[in-house]
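Notes follow once the structure below has been shown.
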Amino acid sequence: MKFRDDNHYIERVINGDIPAYASLVEKHKNLVFSIAMKILNNREDAEEIAQDTFLKAFNSLRSFEKKSKFTTWLYRIAYNGAVSKKRKKKMDVVEIDDHIMFNYSTDEISHNVNQLNETVQTQLIEKALSKIPKEDNLLITLFYKSEHSIEDISYITGLSQSNVKVKLHRIRKKLYEEIQEMIKKNSLYLQ
């Protein structure tokens with residue numbers, strides 16, 4: 001299904017066409033669920049947060065000021081809901097480990113990765129992503145896969161823009177290190 005601009009549906013809903021909201025839900029449900037899932041790591045909780053997110057957004061649609069994109073606003077609601085649920089469950093929060101291995105430079109790692117075919121590169125990246133904390137994975141997903149700006153990510157997560165930049169830098173370093181370790185352990189990839 002090809003969707004129109006979010007503002008089209010928002011205006012229709014505000015003007016009384018309530019069923020038009022279903023198009024917004026359909027258009028954004030996967031990423032809202034993904035955000036919740038990456039934070040909560042529990043399908044049922046993520047589904048609950050996704051539903052709550054769309055309900056909260058619907059109830060607040062008239063107050064949406066359009067200072068940011070609808071998606072940024074919506075993802076912020078999802079993020080906050082998931083973080084609140086996680087806090088309520090008193091789950092341990094995994095903090096970013098500042099320990100950086102200095103055995104390899106980023107250039108050396110990039111060179112080794114670029115020698116691999118695209119399929120192997122993708123497999124290595126996905127495996128490395130699965131090994132980092134969910135919150136880090138979310139930042140990478142928002143920045144690279146969803147192509148949100150630093151400003152949008154800052155708004156969604158409540159982190160300062162400089163903190164988002166620092167975290168993204170550290171996460172990339174971690175990913176490079178993880179990939180290098182996988183390459184070292186399995187020199188088969190380099191052949």
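The values are calculated or read from the model by the stated rules, or taken from the named source; none is laboratory data. On a predicted model such as this, the values are computed, not experimentally measured, just so you know. Here Cβ is always computed from backbone atoms with ideal geometry, including for glycine, and neighbour counts include all displayed protein chains. Surface accessibility is based on the protein's heavy atoms, side chains included, excluding ligands, DNA and RNA. Shrake-Rupley method; radii C 1.70, N 1.55, O 1.52, S 1.80 Å.
Some points to look at:
- Theoretical gain in end-to-end length, K69 to R4 [0.36 nm per residue, Cα-Cα removed]: 22.0 nm
- Net charge, T53 excluded, C-beta distance under 10 Å - Lys, Arg +1, Asp, Glu -1: +1
- To put it simply, the accessible area of region 1-95 at a 1.4 Å probe is 47 percent carbon and sulfur.
- Distance violations [Cα-Cα > 31 Å] among K67/K131; K27/K185; K67/K127; K38/K185; K89/K184; K27/K165: K67/K131; K27/K185; K67/K127; K89/K184
- Ratio of Rg to Rh over region 1-86 (Cα coordinates, Kirkwood Rh, two decimals): 0.97
- Gained length - A22 relative to S84, 0.36 nm times residue gap less alpha-carbon distance: 19.8 nm
- Efficiency of FRET from Cβ geometry, Q51 and K184, R₀ 41 Å, rounded to 0.05: 0.40
- Estimated FRET transfer efficiency (K131, F58; beta-carbon r; R0 30 Å; 0.05): 0.20
- Annotation: extensible slack from N15 through Q123 equals 34.2 nm (criterion: 0.36 nm per residue apart, minus Cα-Cα distance).
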